[in-house]
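Quick notes on the structure that follows.
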Amino acid sequence: MFRIAELPGFVAISDGRDEIEGLVTYVAEDDRCEVVSLDAVEQGAGIGTALLERALEAARAAGCRQVQLVTTNDNMRALRFYQRRGFRLVALNPGALERSRELKPEIPQIGLHGIPLSDELVLARDL
Ligand SMILES: CC(C)(COP(=O)(O)OP(=O)(O)OC[C@H]1O[C@@H](n2cnc3c(N)ncnc32)[C@H](O)[C@@H]1OP(=O)(O)O)[C@@H](O)C(=O)NCCC(=O)NCCS
């Protein structure tokens, strides 16, 4: 379990408006290098790409040779987004969301596009 507010990360802030447009958090210590969260308020405006590249740069500077991240089986946009940016699928954790719901019961049963939310997919990119 991660507490996002306690992790290092970067925010995207729009010019002159002081509004947060996106957030990436990551872990880069010892042998654990992972992008933990990535969110863009407005999608398709390049914010996710910029934040991801910034986090990968920080991970590289911390000595990481590879970065992992986890997404869910319903997140088609994320799967497209990461694979087009050099990430490859490295693991499938079937039923992982059922176990996560024991800690976080508010995780919905049905995810994006009406797809039952049940599995985790692990992606990795060499740095
Ligand atoms: C996944 C996510 C982080 C991607 O962020 P994003 O800001 O929408 O991504 P970008 O805008 O950088 O790139 C998305 C697409 O928009 C296009 N794009 C980039 N800049 C653009 C611009 N200025 N104008 C229009 N389109 C643009 C890119 O070409 C890209 O297309 P591609 O995937 O075919 O290459 C975002 O959709 C999101 O916040 N999703 C909800 C949270 C989530 O699922 N996070 C990931 C969980 S693991």
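The values are calculated or read from the model by the stated rules, or taken from the named source; none is laboratory data. Treat the numbers as computed from the prediction; the structure is a model and nothing was measured. Here the Cβ is made from the backbone with ideal geometry for all residues, glycine too, and neighbour counts use every protein chain on show.
Computed values, structure above
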| read-out | value |
| --- | --- |
| From A28, A12, residue being away from the ligand (no atom under 12 Å from the Cβ) and hydrophobic (A, V, I, L, M, F, W, C) | A28 |
| Filter result for L121 (surrounded by 13 or more Cβ atoms within 10 Å (Cβ to Cβ), closer than 18 Å to Y26 by Cα and either assigned by TED's automatic domain parsing to the domain that holds M1 or away from the ligand (no atom under 15 Å from the Cβ) (or both)) | no |
| Count of region 42-80 residues which are within 10 Å of the ligand (Cβ to nearest atom) and not assigned by TED's automatic domain parsing to the domain that holds D15 | 11 |
| Contacts under 8 angstrom Cβ, first residue in region 48-73 being aromatic (F, W, Y), partner part of a loop (DSSP other than H, G, I, E, B) and away from the ligand (no atom under 12 Å from the Cβ), 6 or more apart | none |
| Verdict on R88 being within 12 Å of the ligand (Cβ to nearest atom), over 17 Å from V36 (Cβ atoms), among the charged types (D, E, K, R) and not assigned by TED's automatic domain parsing to the domain that holds D39 | no |
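Conditions (1) touching a helix residue (DSSP H, G or I) at 6+ places or on another chain (Cβ under 8 Å); (2) more than 18 Å from F10 (Cβ to Cβ); (3) at pLDDT below 95, marked per residue:
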| residue | (1), (2), (3) |
| --- | --- |
| A40 | yes, no, no |
| A50 | no, no, no |
| L56 | no, no, no |
| M76 | yes, yes, no |
| R80 | no, yes, no |
| R85 | yes, no, no |
| P108 | no, yes, no |
